[in-house]
Amino acid sequence: MKYIFVTGGVVSSLGKGLTAAALGAILEQRGLKVRLQKFDPYLNVDPGTMSPFQHGEVYVLNDGAETDLDLGHYERFTSGELNRLNNLTSGKVYETVLAKERRGDYLGATVQVIPHVTNVIKERIYAGGGEDVDVLITELGGTIGDIEGLPFLEAMRQFALEVGRDDVLFLHCTLLPYLKAAGELKTKPSQQSVAKLREIGIQADILVCRTEEPMTDEMRQKLSLFCNVPVKAVIEEIDVETSIYELPLALKAENIDDLVIDHLNLDAPDSDMQIWHDVVRRLKAPSHKVEIGVVGKYIELQDAYKSVYESIIHAGIANDATVHIVRLDAELIKDDPQNHLGTLDGILIPGGFGDRGTEGKIAAAKFARENGIPYFGLCLGMQIAVIEYARNVTKLEDANSTEFDPNTAHPVIDIMEDQKDLTTKGGNMRLGACPCELAEDSFSYHAYGKKSIQERHRHRYEFNNTYRDQLVKSGLRIGGVNPERDLVEIIEIPDHPWYVGVQFHPEFKSKPNAAHPLFANFIAAALKYKK
Ligand code: GLN
């Protein structure tokens, strides 16, 4: 197996994760089996407990791991399925080391960052790949110079020494700031961050330079000289025009894949990158346009609903349409839904926790139901739809989720009996892939084209089966059920153009070249509604 380490310099938010993912995509096109993983230097054991304000979306894997949102990029750009070993934080590393220390595994030794902490990190580099993987790409979060990142860099240096320099490639992403007054791009911060890496004993092999302006040859020479990197390994990554999905083609144009393949002595036939050309062509010349409202709580944050926004874009690609996403703050629409939602072609309510904005979301679900506007509810968005239907159609006054009102007369969404015990102990989320059997003749069955599916979950509360008959009698359709625990996973409104709420998170399984069937059908319904 070969190893690529991706580090970042100068500033955060460089798009390192996207660069790593795009490199993975190119290498995959050249027939290599690629796996990506992320190391995060913060002390949280995983991002599951972090607020979207801090950290953007929590991305959930099939095995239920709650991970960094960069893993979402990895899964969208490549076909490899990731698991909980592919995201490691300092918190997790220390948890492992301290557990070993308490067990006496260190046999009386003084436990230290080197070698004990670095050993745990190295073990995870060895474990991250798996048998069928040719290239493991490991991205290190944070910026070179951060104190917290040092043990990871030290582990990477040791690792390269162990497996040999020919099997390891260090790729450093950096920024060339453009100084308006001087009218030029500056290379000094990049020189300094590469020097900082050298201080630890790591020599960058490829330098990927984020820039707003094209680089001159002179500048490439200069970076090469000062950073000790061959000129051809100084790669320009200019801001993409319309979409992140242009990045694989942009990096391929700089021959990044040849550099990697040469350095790592891999044997891989060249590729014409056809699937990425197709994606970009469809993105850039769509025939139709729709407007989708996303009603949420973290609407002002770029990354809080990352996978949802990406899935909508994929569904646009699949339908040959540009989707204009209108982000709506749930708290603002409550009193005048017509004003905020009246011109939309579809309404989507994403997942969420806590009761802020729920009444606004309920108003949005009602507006969609009553006006025949395609509606797609994800996790919380499904629960909202159930509450709305129970209140306004089944006439269960004040129906609610016990998450928002523990004393509601009609807890149509509740924690299930068999989970209640776990709740008090904290380990109570339903996480990761669960099976679901679809009802024939449902919107969902029509979308998937098959009866048995698997989707990823991350929630505590469930549709309360005590109310199932009553809700069904008043017209709600159960579109899908978990066969193991008889939990309602999908609700639909049959006499509506397209109204679907799912207890799971389909947004974690959509790709630019393979839109998720429910998202694709939702956007198709929105296009139809518009006409
Ligand atoms: N808050 C709800 C629950 O815990 C929904 C969670 C979500 O949307 N991810 O069940």
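The values are calculated or read from the model by the stated rules, or taken from the named source; none is laboratory data. From a predicted model like this one, the values you see are computed outputs, not experimental measurements. For neighbour counting, all protein chains shown are included, and Cβ atoms are generated from backbone atoms with ideal geometry for every residue, glycine included. Note: accessible area is taken over every heavy atom of the protein model, side chains too, but ligands, DNA and RNA are not part of it. Shrake-Rupley method; radii C 1.70, N 1.55, O 1.52, S 1.80 Å.
Please give the helices (runs of 4 or more DSSP H) falling wholly within region 284-395 in which 1 or more residues are within 16 Å of the ligand (Cβ to nearest atom) and touching an Asp or Glu at 6+ places or on another chain (Cβ under 7 Å).
Working: elements: 306-318, 330-333, 337-341, 358-371, 380-392.
Because the criterion is at least 1 residues that are within 16 Å of the ligand (Cβ to nearest atom) and touching an Asp or Glu at 6+ places or on another chain (Cβ under 7 Å), the helices (runs of 4 or more DSSP H) in region 284-395 that meet it are 306-318, 358-371.
Taking residue 57, is it out of contact with any Ser or Thr (no Cβ under 8 Å at 6 or more places or on another chain) and among the charged types (D, E, K, R)?
Details: out of contact with any Ser or Thr (no Cβ under 8 Å at 6 or more places or on another chain): no; among the charged types (D, E, K, R): yes.
No.
Among 91, 130, 108, 164, which is the only one that is small (Gly, Ala, Ser) and under 23 Å from residue 205 (Cβ atoms)? It would help to see each step written out before you state the result.
Values: 91 fails: under 23 Å from residue 205 (Cβ atoms); 130 fails: under 23 Å from residue 205 (Cβ atoms); 108 fails: under 23 Å from residue 205 (Cβ atoms).
Criteria check complete, one pass: 164.
Yes/no matrix, rows are residues, columns are (1) touching a residue at least 40 places away in the same chain (Cβ under 8 Å); (2) under 26 Å from residue 313 (Cβ atoms); (3) open to solvent by 30 Å² or more (accessible area, probe 1.4 Å):
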site	(1), (2), (3)
8	yes, yes, no
12	yes, yes, yes
15	yes, yes, no
26	yes, yes, no
39	yes, no, no
52	yes, yes, yes
56	yes, yes, no
70	yes, yes, no
78	yes, yes, no
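Looking only at residues in region 454-466 that are open to solvent by 10 Å² or more (accessible area, probe 1.4 Å) and within 17 Å of residue 492 (Cα to Cα), which one is farthest from the ligand (Cβ to nearest atom)?
Filtering region 454-466 for residues that are open to solvent by 10 Å² or more (accessible area, probe 1.4 Å) and within 17 Å of residue 492 (Cα to Cα), the one farthest from the ligand (Cβ to nearest atom) comes out as 465.
Would you check which residues across region 28-37 are within 23 Å of residue 93 (Cβ to Cβ) and open to solvent by less than 20 Å² (accessible area, probe 1.4 Å) and list them?
To start, the set of residues in region 28-37 that are within 23 Å of residue 93 (Cβ to Cβ) comprises 35-37.
Within region 28-37, 36, 37 meet the criteria.
Please verify whether region 492-509 includes one or more residues that are farther than 30 Å from residue 278 by Cβ and within 15 Å of the ligand (Cβ to nearest atom). Working first, answer last.
Step one: list which residues in region 492-509 are farther than 30 Å from residue 278 by Cβ, which gives 492-496, 499, 501, 503.
After this cut, where a residue has to be within 15 Å of the ligand (Cβ to nearest atom) as well, the list is 501, 503.
Yes, region 492-509 contains a residue that is farther than 30 Å from residue 278 by Cβ and within 15 Å of the ligand (Cβ to nearest atom).
Sort out which residues of region 322-354 are over 23 Å from the mean Cα position of the chain (by Cα) and touching a residue at least 40 places away in the same chain (Cβ under 8 Å), and write them in order of number. Explain how you work it out, then say what you get.
At the first step, the residues of region 322-354 found to be over 23 Å from the mean Cα position of the chain (by Cα) are 331-345.
Residues satisfying the conditions are 340, 341, 343, 344, 345.
Given the conditions (1) crowded, with 21+ Cβ neighbours inside 10 Å; (2) touching a strand residue (DSSP E or B) at 6+ places or on another chain (Cβ under 8 Å), which single one is not true for residue 64?
Evaluating residue 64 over (1) crowded, with 21+ Cβ neighbours inside 10 Å; (2) touching a strand residue (DSSP E or B) at 6+ places or on another chain (Cβ under 8 Å) leaves (1) as the failure.
Please enumerate the residues belonging to region 230-245 that are buried (at least 17 other Cβ atoms within 10 Å of the Cβ) and under 19 Å from residue 175 (Cα atoms). It would help to see each step written out before you state the result.
Start the filter on region 230-245 by keeping residues that are buried (at least 17 other Cβ atoms within 10 Å of the Cβ), which leaves 233-237, 244-245.
Within region 230-245, 233, 234, 235, 236, 237, 244 qualify.
Run down 405, 414, 469 and say which single residue is within 16 Å of the ligand (Cβ to nearest atom), open to solvent by 10 Å² or more (accessible area, probe 1.4 Å), out of contact with any Cys (no Cβ under 7 Å at 6 or more places or on another chain) and farther than 30 Å from residue 61 by Cβ. Spell out how you get there, then give the answer.
Values: 414 fails: farther than 30 Å from residue 61 by Cβ; 469 fails: within 16 Å of the ligand (Cβ to nearest atom).
Going through 405, 414, 469 in turn, the sole match is 405.
Looking at 254, 291 in this structure, which one is surrounded by fewer than 20 Cβ atoms within 10 Å (Cβ to Cβ) and closer than 30 Å to residue 339 by Cα? Spell out the reasoning first.
On the way: 254 fails: closer than 30 Å to residue 339 by Cα.
After applying the criteria, what remains is 291.
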